[in-house]
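Here's the structure, in structure tokens; my notes come after.
The values are calculated or read from the model by the stated rules, or taken from the named source; none is laboratory data. The structure displayed is predicted, hence computed values, not measured ones. Please note: Cβ atoms are built from the backbone with ideal geometry, for glycine as well, and neighbour counts cover all protein chains shown.
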Amino acid sequence: MKKKDSITSYRPISLLPILGKLLEKLLLQRLNFTINKQKVLHPHQFGFREEKSTNHALRKLTDVIEDAKKREHYVIVISLDIQGALGNLKYDIIRKELRKLYTKSNISETLEDILSNCKVAIQTSDGAAVWKQTEGCPQGSCPPPLSWNIVAD
């Protein structure tokens, strides 16, 4: 259970202007197209993917278990829940993985620019506090789930 008084229990909310969200969505569509066309992600990567769900993952697991039982083999299942996965993604790692997908293109350069120039601003009793963000995908932003898939795969 998350502690309400711990800063690690929270992830920032992204309040992007509509044009920023539109740009994110367009870039995300192009990135998804490339990932699907090049078959970048492992076929058993079920998280945050179109036409794949927890039901598909459970069906695959059930099939593997049933097949092993028929052949009288053992099955070991390891399940991971990575706490704070989206909130702890490092931007330099995302950029590195993006470069593997797109060697040199407008898409990769734009995505890298977005990740390189992220700033966080909060209002405090002393005024606005602004700093460069180097990790963590804010809630409300479009790319975090796909960013996680690229890095985790």
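Tabulated data
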| quantity | calculated |
| --- | --- |
| Residues that are over 13 Å from the mean Cα position of the chain (by Cα) and surrounded by 11 or more Cβ atoms within 10 Å (Cβ to Cβ), drawn from the stretch 69-91 | 69, 75 |
| Subset of the stretch 1-46 that is modelled with pLDDT under 80 and surrounded by 14 or more Cβ atoms within 10 Å (Cβ to Cβ) - its residue that is nearest to residue 148 (Cα to Cα) | 11 |
| Test: residue in the stretch 56-67 that is hydroxyl-bearing (Ser, Thr, Tyr), in contact with a helix residue (DSSP H, G or I) (Cβ under 6 Å, 6 or more places away or on another chain) and without any contact (Cβ under 8 Å) to a residue 60 or more places away in the chain | no |
| Matching residues in the stretch 100-115 - criterion: being loosely packed, with under 13 Cβ neighbours inside 10 Å and within 14 Å of residue 147 (Cβ to Cβ) | 100 |
| Helices (runs of 4 or more DSSP H) (entirely within the stretch 44-153) containing at least 3 residues that are closer than 17 Å to residue 16 by Cβ | 106-116, 144-152 |
| The stretch 99-128 residues that are among the polar types (S, T, N, Q), paired with ones that are surrounded by 13 or more Cβ atoms within 10 Å (Cβ to Cβ) (beta carbon under 6 Å, 6 or more apart) | 108/98; 108/102 |
| Flag for residue 112 being of a type outside the set (Phe, Trp, Tyr) and modelled with pLDDT under 80 | yes |
| Pick from the stretch 122-141, criterion surrounded by 10 or more Cβ atoms within 10 Å (Cβ to Cβ) and among the hydroxyl-bearing types (Ser, Thr, Tyr), ranking: nearest to the chain's Cα centre (by Cα) | 141 |
